[in-house]
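Engineer: Got a structure for you, questions after.
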Amino acid sequence: MSITSNLIFLGLLLLAVFLVLPIGIGVYVYRDAKRRGMNAVLWTVIAVVAPSLIGFIIYLFVRGNHSDMTCARCGERVTEEFVVCPKCGAKLRPACENCGFPQEADWMVCPRCAAPLSGRQDDIVPPVRHADKALWKILVLIIAVPVFLISAGLFSYSVHSTVSGVAGMMDISIEDYFEEQAPREEKEEVQAWLDGLKSESERAWALCYSHYGEMENEYFYLVYAPGTGNSANKGLGMSGGFFGKVLGVDLERTGDTGSLLCITASSKERPKLKIKVDGKKIPCEVTEVDFNPTGSLLTPGNVY
């Protein structure tokens with residue numbers, strides 16, 4: 001896909017997301033308000049049209065004054081204060097046999113008329129309160145949409161960020177490097193650096209030199225990744241992301257531990273070196289130096 005096609009696809013996807021959330025809120029409010037005996041159409045319009053979910057939040061506060069309970073026998077809407085169903089006469093909660101005042105199941109005396117209560121009443125048909133599972137789905141959607149938008153923005157920025165000046169990389173044997181490419185003083189420093197490295201196959205090390213220019217800076221890396229020398233399928237690329245630029249190096253396991261990797265790249269800011277071996281990322285420890293560790297192979301102003 002081209003950049004234009006990707007941007008069109010991302011725009012259509014965001015449009016779909018923006019449509020899904022209001023539609024979901026509208027359907028939920030309409031059904032919930034209708035069940036509670038509220039003005040379903042009016043509250044649906046308020047919840048959907050009001051900006052920043054203000055209408056939906058107001059509805060959630062107001063709806064608490066309207067019961068969502070129904071009679072288990074006939075389905076008529078009832079409230080917690082009802083002792084009997086006004087439509088079918090079903091007894092919804094215990095009541096005093098003397099004055100009809102609503103009672104709790106464990107009360108012994110009526111608080112209104114002080115008449116003793118006979119005990120458990122077996123003809124009670126408790127009202128039904130419907131589980132509000134849809135509300136949780138709406139809340140999850142409200143949280144998921146901003147997260148999705150932020151993630152999509154970061155992904156789009158990372159994918160479409162353009163990077164210039166990636167020069168290249170090449171292998172050189174350690175023996176050739178010390179014989180031909182590095183001055184004497186630098187050879188000693190590089191040799192000391194190599195001697196101090198641990199023999200870990202799942203790790204890489206690098207020396208980095210920064211050469212600052214007027215337009216862009218050039219960065220030179222000397223990388224040692226044990227067991228990856230003379231990789232036939234090497235890959236190098238730079239990508240821009242929200243957290244900065246990344247210089248990615250893809251290698252394969254060859255068993256050759258006698259090679260160094262020379263890399264150069266140009267950029268306004270130093271890219272983070274990311275090395276993968278057989279598709280698996282390995283840690284890389286980068287050390288700043290004040291000389292070009294690639295020697296005469298890669299020199300400032302002669303990137304290739």
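What follows is calculated from the coordinates using simple rules that are stated; it is not laboratory data. What you see is a predicted model; the values in this text were computed from it and never measured. Ideal geometry is used to build each Cβ from the backbone, glycine not excepted, and the neighbour counts take in all protein chains shown.
Engineer: Length gain on complete extension for the stretch Arg112 to Val147, per 0.36 nm per residue less the alpha carbon to alpha carbon distance?
Structural biologist: Stretched out fully, the Arg112 to Val147 stretch lengthens by 7.1 nm.
Engineer: Moving on to the next point. Return the whole-Å distance between the Cα centroid of the stretch 205-273 and the Cα centroid of the stretch 68-141.
Structural biologist: Between the Cα centres of the stretch 205-273 and the stretch 68-141 lies a distance of 73 Å.
Engineer: Continuing with the same structure: Can you find, among Cys96, Val109, Phe82, the residue farthest towards the positive end of the dipole of the stretch 71-129? Put +1 on the C-beta of Lys and Arg, -1 on that of Asp and Glu.
Structural biologist: After comparing all options, I get Phe82.
Engineer: For the stretch 189-251, what are Rg and Dmax over the alpha carbons, in angstrom?
Structural biologist: Spelled out, the Cα radius of gyration and Dmax of the stretch 189-251 are 14.2, 40 Å.
Engineer: Rounded to the nearest 0.05, what FRET efficiency is calculated for Ala72 and Asp132 with R0 set to 25 Å and r the Cβ-Cβ distance?
Structural biologist: Using R0 = 25 Å, I get an efficiency of 0.90.
Engineer: So, one more: So what are the radius of gyration and Dmax for the Cα set of the stretch 71-129, in Å?
Structural biologist: Gyration radius and largest Cα-Cα distance of the stretch 71-129: 11.7, 34 Å.
Engineer: Could you name the aspartates and glutamates in cross-link range of Lys272, using Cα to Cα under 12 Å and dropping any fewer than eight places away on the same chain?
Structural biologist: Lys272 reaches Glu285.
Engineer: If I stretch the segment between Thr254 and Cys88 completely, what's the gain in nm (0.36 nm per residue apart, minus their alpha carbon distance), one decimal?
Structural biologist: Computed gain between Thr254 and Cys88 is 51.4 nm.
Engineer: Using Cβ counts within 10 Å as a stand-in for footprinting exposure, how do Cys284, Cys99 rank, fewest first?
Structural biologist: Ranked by crowding around the Cβ, least crowded first: Cys99, Cys284.
Engineer: Provide Val49, Val29, Val83 in ascending order of the number of other Cβ atoms located within 10 Å of each residue's Cβ, fewest first.
Structural biologist: Arranged by neighbour count, lowest to highest, Val49, Val29, Val83 become Val49, Val83, Val29.
Engineer: Could you tell me the calculated FRET efficiency between Asp278 and Val49, based on Cβ-Cβ distance and R0 = 41 angstrom, to the nearest 0.05?
Structural biologist: Computed FRET efficiency for Asp278 and Val49: 0.15.
Engineer: Still on this structure: Could you pull out the pairs from Lys34/Lys87; Lys187/Lys245; Lys198/Lys280; Lys87/Lys137; Lys187/Lys281; Lys91/Lys133 whose alpha carbons sit more than 26 Å apart here?
Structural biologist: Listed pairs above 26 Å: Lys187/Lys245; Lys87/Lys137; Lys187/Lys281; Lys91/Lys133.
Engineer: Extension gain Asp176-Asp123, at 0.36 nm per residue separation less the Cα-Cα distance, in nm?
Structural biologist: Extending this stretch completely gives an extra 9.3 nm.
Engineer: May I pose another question? Please state the shape class of the stretch 166-288: rounded when a/c is under 1.5, otherwise prolate if a/b exceeds b/c and oblate if not, all from the C-alpha gyration tensor.
Structural biologist: Here the stretch 166-288 falls in the oblate category.
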